[in-house]
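Contents: one structure, followed by commentary.
Coordinate-derived values only; no laboratory data. Computed from a predicted model, the values in this text were never measured in an experiment. Neighbour counts run over all protein chains shown; Cβ positions are idealised from the backbone, glycine included.
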C-alpha cells in the first residue's frame, strides 16, 4: 500500500484520483460517509438544543447530545440559493458570479464539493430542494449520481425519500447525501399534511415565544406556531435518516451535519445580516470522529468551512477555488479555533440591496450601501400575517423601537453590536465614541476583505421585483433581461480565489 501511494505522487491529478479509488476498493473502502440535512428558513434559536422554549426537536437534540453543537456558526448569505451555492462551493456569494443573487446560476468555472467527491469514488445524491444551478449547463450526472425532488403526495417538505435513498445507495462506495428540506419555507404545507402519529400534536399559538421585533398578537402567534410545525416535521425526518443509517450499519462512520440555509421567514430575520437571519444551527454527529460527544463549541465557523472539512475528513485536497478552512481539528477538540473573522453579505433577494458584515470576538459590524431602503424582509415574509400585524401597529403609531426597525428608512450606513450583551442586536453602537476603535478595526478588515476577494458595489443593482409594503409582484426585475449588475462582476470576482482575512 505504501509503495502504491508513492507511485501516485508522480501521477496527474485525474489519474491519481482514480488510482486512489482503486486502492481503496482493493484495501476495503472504509472512508467516512457524509450526510448534510439542510433546513429551509430556520433560525438558529428555534431548535430545542439552542435554548428555544417552544421548539419540539427531539431527534436533532439527541444528535447534539451525542455529537457537537456549534454556537458561533454563520452563513455567508441569509438568502436561499446564494447561501446553498456558497456552502456547496466553499466560496463567498460575490465570488460565485451571478449566483450572488437569488435564483441565479453559479459561474461554470467553479468546482462543486460533490463533483470533487465523485472523482474520488464517492456516490453523491441530492434529495429535496435543488436550488443550485451552473451557468451554461444543466447540473446532473456531472455533479450528482442521483437527483430527486423528494416530494410525495403526503409531504411537500421534500423529506419523505431521504431514508429510502440511504437504503438504495450502492453498497460498495462511500456516500455523500445532500438532504434538502423545503421545511420551514412558507406557505406552511405541514399544517395541511400533518400526521399526528409521526409528528405529535401541532404547536399551540399560546406556547410561542414572540421575538421583540414582532407584534405579540393572535395572528403572529399562529404564524409562529405553523412555522414550528414545519420545524418539527423536519426534525422527524432527520430522525428517520439516523435510524436508516443505524439499520444499514453505517451510522458510526457517517458524519451528519444539520443546519439551515438562512433565518426564519419572518420580518427582521430572513435576508438580514443580523443573527436572526445569518446565524445558523450547526450540529455535527460522527461517533468515530468526534472526541468529546455532547460538547458545545464556541469556535467561529463560516458556512464556507463545511466543504473543506468534508474533503479533509475524506483525505482529499481542497481545490484552490475553495475559500473556507477545514474545522476537522475542532471535532477533535471543541476549544480549537480556525478563524478570527466571519464575513456575510446581503444582495438582491426580491429587493434591491447591498450589505456586508464582519463578525469577530462577539462583535458584529454591518455596512449598508443602500441605506435609502428599509430591510423589511423578502416578499414571502412581507405577505405574512406577522408582517400585516406590524403594518397595523405602524399605522396606529404603536410600534416599539425594535419593531420599527423593520420599516426604518433611511437606515444607518454603519451598525455595530456587541452580541453577548445584545443578542437581538437592538443597540447600535456605531456612533458611540467608546467603541470607535473597534468600529475602525472591523471596518478596515471589511475593506481588506472587499479588496482581496474582488467585491464591488455596482451603480446599477438589480431593482425591486416586489412591492415593499404588500409583497405583490411588480412584474419587472424577475426577468433576466431586467436584472442589474451583480456584485463582483466588474472585477471578475468569480475567478478570484483569495479568501480575505480569516
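A straight chain from residue 219 to residue 413 at 0.36 nm per residue would run longer than the Cα-Cα distance by 66.5 nm. For the chain, the longest principal axis of the alpha carbon atoms and the long axis of helix 436-453 meet at an angle near 50°. Counting only C-alpha contacts under 8 Å and six or more residues apart, can you give the relative contact order of the chain as a whole percent? That works out to 20 percent. Each stretch of four or more DSSP H residues adds -39500 (n - 2.57); spread over every residue of the chain, this sum gives -8500 deg cm²/dmol at 222 nm.
If the chain linking residue 320 and residue 441 were pulled fully straight, counting 0.36 nm for each residue of separation and taking away their Cα-Cα distance, it would gain 40.7 nm.
Distance distribution P(r), the stretch 344-495, all Cα-Cα pairs, bin width 5 angstrom from 0: 2, 8, 15, 18, 18, 16, 12, 8, 2, 0, 0 percent.
Taking label points 7 Å from Cα along the Cα-to-Cβ direction, residue 335 and residue 369 give a separation of 4.2 nm.
For residue 137, put the label point 7 Å out on the Cα→Cβ axis and report which residues of the stretch 85-119 keep their amide N under 11 Å from it. Output list for this probe position: 106-113, 115-116.
Computed over all pairs of different Cα atoms, the Kirkwood value for the hydrodynamic radius of the stretch 233-308 is 14.4 Å. Computed from the C-alpha gyration tensor, the three semi-axes of the ellipsoid equivalent to the stretch 272-311 are 22, 14, 8 Å, from longest to shortest. For residue 253 and residue 194, the FRET efficiency from 1/(1 + (r/R0)^6), where r spans their Cβ atoms and R0 equals 30 Å, is about 0.30.
Annotation: average projected area of the chain is 23.1 square nanometres, based on the convex hull of Cα atoms across all directions. Report, for the chain, the % of DSSP beta bridges that are antiparallel, rounded to 5. Here the share of antiparallel DSSP bridges comes out near 50 percent.
What number, in percent, do you get for the relative contact order of the stretch 303-441 if the mean sequence gap of Cα pairs under 8 Å and at least 6 apart is divided by its residue count? Computed value for the stretch 303-441: 17 percent relative contact order. In plain terms, the chain from residue 475 to residue 153 could stretch by 112.8 nm, reckoned as 0.36 nm per residue minus the Cα-Cα distance. Rg/Rh, computed from the Cα trace of the stretch 309-420 with Rh as the Kirkwood radius, has the value 1.11.
Placing a label point 7 Å from the Cα of residue 292 along the Cα-to-Cβ line, the residues of the stretch 324-368 whose backbone N sits under 12 Å from it are 330-337.
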